[in-house]
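S.K.: Please find one structure pasted underneath; my questions will follow.
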Amino acid sequence: MEKATYFEKVPVNTPGGGYDVCVGRNTLEVTLPPLLASLMPNSVAVISHPGLLELYGERLRFLIEASFAGNVRTLFYSFPDGEEHKDLETLKEAYGALLRFGITRYDVLLAFGGGVVGDLAGFVAATYMRGLRYLQVPTTLMAMVDSSIGGKVGIDLPEGKNLVGAFYQPEAVLVDVDYLATLPAREMRSGLAEVAKYGFLYDEGILVEMERWQDGLPDEDYDFVPLVMACARQKASVVSEDERDLSGRRARLNYGHTFGHALEAATGYRALRHGEAVALGMIMAARMAELFWSFATGFTERHLRILLPLLKEVRLPRGLTADDVMEYMERDKKKRGELSLILLMRWQAPVLVNSPPLDLVRRAVDEVLKEVCSR
């Protein structure tokens, strides 16, 4: 039976470029050919992972070539899955593949994958020949609701996550929720952590909905389009007002991320999916809020109730300590000469706290690590 076609548009308007986030079902089939035809490249470079290209590569090639009746060259470059491969070595290999194929600045790059692919491919687009037009086609829930929107692109260094990067907006973000059907349960739970983030920051309805789910996941026939749309609207609104994270509004989207990025680095980018690290980071931020403000109560309990089911496959390394995490937090790229944290004063009321007491930060990290390891 032919797949139903349905999508809605969320506009993103920034000084770096205006574009639409198209969210629906069968989205690529109806949006990609005319969009590519309007960009008129001689070649299209697809950056992805091997497993994704095995599943979708031929269909993707067909859609690209259908845009030009076959009169276009298509390069597929893939690199291994995992945050540890979002590094300088992979970046160098990607540049080489594009150069050998003859990709020019008049061509188009297509990022096809999750957050790691989108970050690295977007940085390739931002820097290759001083700028290459590109499209984001996210295939994970994490990327659909967050990382593909807003133009933050970059790679990791051994010293920390996303320490080399740029703000570079895509021509469009094309979201087809049908790709979630092949997403492993652990990756789905990881993405739901970012969904929960929007609930804690902006939308109580998201939290209420997630609290109804059993085992951290909705039913198999759940329609993800409204949920992804709700998150995309929030992200689009924020980045349209604060593209480069200068006013502080976009910084709120980093809720849990300062803790989470430090956890990822402290565990070698192997023990935790990004969303799992952010989930732990949000629990730590909730506990920190309770320690910092005497009137803040119930944050940790509700965070645990919503987020612990998303962490059921997490096994933290033995011996991981608060000091290990604190070491990487001190390197966090968002610092302006001081550690900054996004904390909740109440539900859907985030604030930026500069120079929080480090003894309380360490205590929050230590208590949550012990809480999670004991379950």
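S.K.: Taking the beta-carbon count within 10 Å as an exposure proxy, list Lys92, Lys86 from fewest neighbours to most.
M.R.: Ordered from fewest to most neighbouring Cβ atoms within 10 Å, Lys92, Lys86 come out as Lys92, Lys86.
S.K.: Based on other C-beta atoms within 10 Å, arrange Ser147, Ser247, Ser340, Ser190 from fewest to most. Don't jump to the answer; show the numbers that get you there.
M.R.: On the way: Ser147 24, Ser247 11, Ser340 18, Ser190 28.
If I rank by nearby Cβ atoms, fewest first, I get Ser247, Ser340, Ser147, Ser190.
S.K.: Give me Asp219, Asp324, Asp119 ranked fewest to most by other Cβ atoms within 10 Å of their Cβ, as a rough exposure proxy. Each step should come with its number before you reach the end.
M.R.: Values: Asp219 8, Asp324 17, Asp119 26.
By the 10 Å Cβ count, ascending, the order reads Asp219, Asp324, Asp119.
S.K.: What is the sum of charges around Glu313, taking Lys and Arg as +1, Asp and Glu as -1, for the other residues whose C-beta is under 12 Å from the C-beta of Glu313?
M.R.: +2
S.K.: Would you pull out the residues with amide H under 5 Å of Thr14's amide H, same chain only if 5 or more places away, H placed 1.01 Å from N?
M.R.: Tyr19
S.K.: On the principal axes of its Cα set, how long, how wide and how thick is segment 185-373? Give whole Å, largest value first.
M.R.: Result, largest extent first: 45, 40, 32 Å.
S.K.: Okay, next question. Given a 10 angstrom Cα cut-off, can you work out which residue in Tyr56, Tyr222, Tyr106 is the most mobile in a GNM of the chain?
M.R.: Result for the chain, Cα springs under 10 Å: Tyr222 fluctuates most.
S.K.: Please list, ordered by chain and number, the residues whose modelled amide H lies under 5 Å from the amide H of Ala172; skip anything fewer than 5 residues away on the same chain.
M.R.: When sequence neighbours closer than 5 places are left aside, the close amide H contacts are Gln136.
S.K.: Take the residue pairs Lys161/Lys197; Lys9/Lys86; Lys152/Lys370; Lys197/Lys235; Lys152/Lys197 and return only those whose Cα atoms are more than 22 Å apart.
M.R.: From Lys161/Lys197; Lys9/Lys86; Lys152/Lys370; Lys197/Lys235; Lys152/Lys197, over 22 Å: Lys9/Lys86; Lys152/Lys370.
S.K.: Computed FRET efficiency, Cβ-Cβ of Val30 and Leu320, R0 35 Å: what is it to the nearest 0.05?
M.R.: Efficiency, from the Cβ-Cβ distance: 0.15.
S.K.: Let me ask something else. Hey, in the GNM for the chain with a 10 angstrom Cα cutoff, which one of Glu209, Glu83, Glu187 fluctuates hardest?
M.R.: Among Glu209, Glu83, Glu187, the largest mean-square fluctuation in the Gaussian network model of the chain belongs to Glu209.
S.K.: Quick check: pseudo-label points 7 Å beyond the Cα along Cα→Cβ at Met345 and Ala37, how many nm apart are they?
M.R.: 5.3
S.K.: What is the magnitude of the charge dipole of the chain about its Cα centre, with +1 placed on the Cβ of each Lys and Arg, -1 on the Cβ of each Asp and Glu, and no other charges, expressed in debye to the nearest 20?
M.R.: Approximately 700 debye in magnitude.
S.K.: Where Lys and Arg each count +1 and Asp and Glu each count -1, what net charge lies around Gly115 among other residues with Cβ under 15 Å from its Cβ?
M.R.: Neighbourhood net charge equals -3.
Here, each number is a calculation from the coordinates, and none is a lab measurement. This is a predicted model, so every value here is computed, not measured. Reconstructed Cβ throughout: ideal geometry from the backbone, glycine too, with neighbour counts over all protein chains shown.
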